[in-house]
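Q: There's a structure below that I have some questions on.
Nothing in this text is a laboratory measurement; each read-out follows from the coordinates by a stated rule. Computed from a prediction, not measured in an experiment: that's the story for all the values here. Cβ sites come from the backbone with ideal geometry, for glycine too, and all protein chains shown count toward neighbours.
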Amino acid sequence: MSAIRLLVLGAVRQHGRAHGYQVRNDLEFWGAHEWSNAKPGSIYHALKQMAKQELLVAHELAPSTVGGPPRVEYEITDKGNEEYFTLLRESLTSYDQKMDTLSAGIGLIVDLPRDEAVALLKERIKGLAQWRASVTEYYTPEEGPEQLGHIGEIMNMWIHLADGGAEWTRGLIGRIEGGAYTFAGEGEPFVGVLEDGEPNPFATGPHPEDLC
């Protein structure tokens, strides 16, 4: 799955309506430009593509008084909300997600009810255990990687990734079950977006499409 779709839908959803520069600003504020493909071109492309797919509605506003093209604001549709939660749930349960997709899911996890978030993360642990079991059909960790020559280092890495991923996920589940963070339906959510015009300390500079 695409992390950029999940991130862009999540950012638009948190604003209600947002133009491209706001979405870009939010993702840079989250640091997503460092750990995902959330670069300006990818963000603007995703917005336009998802508007074509009716996941977003594009509202064209009046041109700026200083000139330039009309600014476009995007709003998530019912279809877009369905896609957003499908992607979010998949990002949390699939053990083989890339790091950017998992990071996006964790960053947006509080949009789910607490109990559902915990259940999805437990599914992730099951998937990791199944993956580990499939690796150990060909590789015995106790014997070390040398049993298969240097290729054994690949399976050794997989075992460590499965074990480390499961340990980290169990820790997150424990914190969530212990009451950490504010999840959907529990009160005022954490504000993870910038107001229009609010300075972004992590901004990477202007872009030709900033007014789109």
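Q: Please label the shape of region 1-159 as rounded, prolate or oblate, based on the square roots a ≥ b ≥ c of the eigenvalues of the alpha-carbon gyration tensor (a/c under 1.5 means rounded; beyond that, a/b larger than b/c means prolate, else oblate).
A: Values: a/c = 3.53, a/b = 2.28, b/c = 1.55.
It comes out prolate by the Cα gyration axes.
Q: Give me the one-decimal nm value for the distance between modelled label points at ALA180 and TRP158, 7 Å along each residue's Cα-to-Cβ direction.
A: For the pair ALA180/TRP158, the computed spacing is 3.0 nm.
Q: Between THR77 and residues 5 or more places away or on another chain, which pairs have amide H atoms under 5 Å apart, with H built 1.01 Å from N, and which residues are they?
A: LEU56, VAL57
Q: Could you compute Rg(Cα) / (2.2 N^0.38 Å) for region 72-147, with N its residue count?
A: Working: Rg = 17.0 Å, N = 76, 2.2 N^0.38 = 11.4 Å.
That works out to 1.49 for region 72-147.
Q: Considering amide H positions built from the backbone, and no H for Pro or chain starts, which residues 5 or more places from HIS19, or on another chain, come under 5 Å of its amide H?
A: Amide H neighbours of HIS19, under 5 Å, 5+ apart: TYR74.
Q: Output ³J(HN,Hα) for region 134-150: one whole-Hz value per residue in order, computed from phi by the Karplus curve 6.51 cos²θ - 1.76 cosθ + 1.60 with θ = phi - 60°, and x for Gly and Pro.
A: 5, 5, 6, 5, 10, 9, 9, x, 5, 8, x, x, 4, 4, 10, x, 5
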